[in-house]
Structure formats: structure tokens, C-alpha cells
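This report refers to the structure that appears directly beneath it.
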Amino acid sequence: MREFPSYFADAEESFGKSKFVIFGVPYDKTSSFRYGARLAPREIRTASWNFETFDISLEIDFSDIPIHDYGDIDVEEKESREMIEEVSKLTRKIVESGKIPVALGGEHTISVGAIENFDDIHVIFLDAHLDFRDEYENNQYSHACTLRRIADRVGVSNITALGIRSAEKTELEEARKEGLKIITSREIRHQGMENILKEMSKDLDKQNIYLSLDFDVIDPSHAPGVSTPEPFGLSPEDIIKVIENFSNRMVGFDLVEVCPTYDMGITSILAAKIIRIAIAEMWKKQPLYRG
Ligand code: MN
Ligand code: MN
């Protein structure tokens, strides 16, 4: 393959003038099955150079959107708690500057640090796995505990888990007892994503949305290169529908658990495309951000 710059394609704006800040968190220390998610920020950036700058369906030129690529934060060898603190610090800086953070994992644990910087948000948690264990392998900050740690910060009533198809029995019981809203991949398949989103929009009213996209929510036939693949997942189009539905009030986004060592580049290509669509959608639907 040709050599490409190390930043996300067209993300050439300075931090100060940008409205979107992409940053990578190359971290996979708590991964429970496959390692390699730490390589994802680099692979996804490389994959991003595959596309035309112009998006034909949105009629937006990606190079017209003020996007800054901050690079990766240096956390590879840190304990997960420290890593979360580093992610939190950077996200705080981005949010306080009135910009939208776009975090590239790394494993799902990175989301905890990003999400804790928002007041009054609803988290849409797209994942094959519930991630609601209080502890996993003696670590409260394992990727298997991500949603539990997010719930500690924003409260279960401010979370919707979408696309779930794997959980431990007690983990599921606890989540239900706490009142966590869970929509399984099976329900999405039977009812259709449009109907699910219609219902969700009624409940969520006007709250700002943080979207956390664990890439294993997508079926492994489309996204084989993830850390813990789980069959019978969502389609890439389902993900686009979620983004389109909430892009007018999305204030943060992350994409995690891509594991490039386990495919031929297809997963990173899809990830890069979804990031481009998410940013372009937010840019198009949030006119205030253009001022
Ligand atoms: Mn997860
Ligand atoms: Mn998962």
C-alpha cells in the first residue's frame, strides 16, 4: 500500500479553529479475548485515506469541515484507571473549548474517561456485550465493566444499551434490577431499527446524546476484526440510522474495540467510513457549530 500521513484524512485544522477533535487511545491491556485494539487508531487513520473527500449522499466535502487530529495519547503501558484519567483530561479540554470529541479506541474502557466530562447527557451504548460487571479479573476498570462505570457517573436512567446479545446471568439480573434500558439485537431485528429509534426519540426528548460505539455490535460478517466477536449482530446500515437520528444533538462520539490484527483491513475501512459519516452528519445538522 502507498504511504499516507499519520493523521485522519482531511483533519487538517488547528486545535483552536476546529469544531471536531479526533484523538486516539491505543490501549488494550484489559482485553479478555484478542489483543490488538491498541493498533486500531493507526489502522483506522490509514483506512481513512481510502475515501473521496466529497460525500455524495450528504453532499458535504469532508475537507470543508474544521477537524483537528490531536494524535494519540500516550497510555499504552498505563493501568486502566490512569488511562481513563488521561482520556478524561483531554476530553475535558475539548469539551470546555466548545468542540466535539471523537475518540478512537483502543478497548471500550476508554469511553469512561470521555463520558464523565458531560453534564446532562444520555449515553447510547452500542455493544454486543452488556459490559455491566462490577469487576472482571480483579479489575473494576476492565473493558467488561465499562457500562457499569459509565452508570456510576451518569446514572442508569441516562443510558440506553442497544444491540446487546451477550451477558452473564447475574450481570443481566443486576442491570435489570437497576432499571437499565436494554434493547437486544434480536428486538432490533424483529422490530426494525426505525421503530426502535422512533420509540427512543419519544423517551429521550431533547437531551444531548453521547454515542459510544463498540464495533462488535456490528455483525462479524461486516466487522470481523474486533476484540470479542459475537455473531447475529447489527448491520452497518443500522448504525448509520442511529447516527442520522441523533446527529442533531450528539455532543460526543467514540468508536472502540476494533482489532486490526484479525482481519484484512475491512473492519478499519468500515470504522473510518462511519467516523466520517458521523462527523459530516453532526456538521450538517448542527448549524450553530458553524459560527
Ligand atoms: Mn464493550
Ligand atoms: Mn463488546
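For this structure, a couple of remarks:
- Of GLY36, GLY71, all but one fail to be out of contact with any helix residue (DSSP H, G or I) (no Cβ under 8 Å at 6 or more places or on another chain) and touching a residue at least 24 places away in the same chain (Cβ under 8 Å); the exception is GLY71.
- Test for ILE159: is it modelled with pLDDT of 95 or more, within 16 Å of ligand 2 (Cβ to nearest atom) and over 24 Å from ILE279 (Cβ atoms): no
- The single condition from (1) touching a Ser or Thr at 6+ places or on another chain (Cβ under 8 Å); (2) of a type in the set (Ser, Thr, Tyr); (3) farther than 18 Å from ALA271 by Cα that SER88 fails is (1).
- Pairs are defined by a Cβ separation below 8 Å, a sequence spacing of at least 6 or placement on different chains, a first member in the range 216-231 that is touching a residue at least 24 places away in the same chain (Cβ under 8 Å) and within 11 Å of LEU270 (Cα to Cα), and a second member that is of a type in the set (Asp, Glu) and within 13 Å of ligand 2 (Cβ to nearest atom); the pairs so defined are ALA223/ASP216.
- Selection within the range 212-268: residues that are part of a strand (DSSP E or B) and of a type in the set (Gly, Ala, Ser). The member of this set that is farthest from ligand 1 (Cβ to nearest atom) is GLY252.
- For the range 110-134, the candidate set comprises residues that are within 17 Å of MET83 (Cα to Cα) and assigned to a loop (DSSP other than H, G, I, E, B); within that set, the residue that is nearest to ligand 1 (Cβ to nearest atom) is GLU116.
- Checking ILE275, ILE266, ILE243 one by one, the residue that is hydrophobic (A, V, I, L, M, F, W, C) and more than 28 Å from GLU199 (Cβ to Cβ) is ILE266 and no other.
- Condition broken by ASP203, with the remaining ones in (1) in a helix (DSSP H, G or I); (2) more than 16 Å from ligand 1 (Cβ to nearest atom); (3) surrounded by fewer than 20 Cβ atoms within 10 Å (Cβ to Cβ); (4) modelled with pLDDT of 95 or more satisfied: (4)
- Scope the range 118-154; condition among the polar types (S, T, N, Q) and within 14 Å of the chain's Cα centre (by Cα); matching residues: THR146
- Considered as a group, the residues in the range 248-291 that are out of contact with any Leu (no Cβ under 9 Å at 6 or more places or on another chain) and among the small types (Gly, Ala, Ser) include one that is surrounded by the most Cβ atoms within 10 Å (Cβ to Cβ), and that residue is SER268.
- Options ASP238, ASP254; residue that is among the acidic types (Asp, Glu) and farther than 20 Å from ARG189 by Cα: ASP254
- Residues satisfying the stated conditions in the range 166-218, i.e. under 17 Å from the mean Cα position of the chain (by Cα) and within 16 Å of ligand 2 (Cβ to nearest atom): LEU211, SER212, LEU213, ASP214, PHE215, ASP216, VAL217, ILE218
- Residue list for the range 200-234, filter: under 19 Å from ILE44 (Cα atoms) and of a type in the set (S, T, N, Q): SER212, SER221, SER227, THR228
- Subset of the range 150-168 (residues that are farther than 25 Å from ASP238 by Cβ and within 11 Å of ligand 1 (Cβ to nearest atom)): none
- Taking every residue in the range 165-186 that is surrounded by fewer than 16 Cβ atoms within 10 Å (Cβ to Cβ) and pairing it with any residue that is part of a helix (DSSP H, G or I) and of a type in the set (D, E, K, R), at least 6 positions away or on another chain, yields no pair with a Cβ-Cβ distance below 6 Å.
- Of all residues in the range 79-109, those that are among the polar types (S, T, N, Q) and not in a helix (DSSP H, G or I) total 2.
The values are calculated or read from the model by the stated rules, or taken from the named source; none is laboratory data. Owing to the predicted nature of the structure, the values given are computational and were not obtained by experimental measurement. Positions of Cβ are generated from backbone atoms using ideal geometry, with glycine treated the same way; all protein chains shown enter the neighbour counts.
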